[in-house]
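First up is the structure itself, then whatever we jot down about it.
Taken together, the values in this text are just the output of simple stated rules run on the coordinates, not laboratory data. Treat the numbers as computed from the prediction; the structure is a model and nothing was measured. Don't worry about glycine lacking a Cβ; one is built from the backbone with ideal geometry, like all the others, and counts go over all protein chains shown.
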There are 2 protein chains.
Amino acid sequence: MLLRWVIGQCLRRTRLDQGKTLREVAEAAGVSIGHLSEVERGRKEPSSEVLAAICNALGLDLVDLLRAAQWELAKWQLPRPRLRCGDLALAA
Amino acid sequence: MLLRWVIGQCLRRTRLDQGKTLREVAEAAGVSIGHLSEVERGRKEPSSEVLAAICNALGLDLVDLLRAAQWELAKWQLPRPRLRCGDLALAA
């Protein structure tokens, strides 16, 4: 798991939770919609200055972002439950 | 406070705590000493891949780095004690 993927997920989740569009956040942050979209999908590496502008547009400070990133990562690292046939039968 | 400064501080602190030189970590991570030094001082923005290689060389995983970054940031954001003349007199 790379840092830009985790951060992209956090930014996207925060934006959607706030009911904001890519356009709104991109305009507030002074970046293009395409760039914001690439950052959210973990495809482009934002500079720390661009990241600060996006966070600012979302009302996030750096501590919030780091906390959200830790939480995001923990979710991915949780062991997935492994179902066995018996479990499925019991759950039915 | 920009993310690359906070991350640079964490990497430098971890390296020094482990008693490792810039050369040792740079070689293990496959980056130049100059680049690692710039990253540690928050002057160069490392790609997520380079950051992962440096973390790997230090035995840090991404969760450890995010936790350390939060801690580093909290230290900087603590209100600094403001001494007044009276406090100095009392402390003397």
Based on the Cβ-Cβ distance of A:ARG41 and B:GLN18, what FRET efficiency does E = 1/(1 + (r/R0)^6) give at R0 = 35 Å, to the nearest 0.05? 0.50
How far is B:GLY19 from itself in the other copies, in nm, if each label sits 7 Å out from Cα along the Cα-Cβ line, shortest first? 5.9
Looking only at lysines whose Cα falls under 27 Å of B:LYS20's and that sit 8 or more positions away or on another chain, we get B:LYS44, B:LYS75
Separation between the B:GLU49 and B:LEU2 pseudo-spin-labels, each 7 Å from Cα along Cα→Cβ, expressed in nm? 2.2 nm
Net charge dipole size for region A:1-57 [Lys, Arg +1 and Asp, Glu -1 on Cβ; Debye, nearest 20]: 200 debye
If R₀ is 41 angstrom, what is the calculated FRET efficiency for the pair B:GLU27 and A:GLU27, using the beta carbon separation as r and rounding to 0.05? 0.35
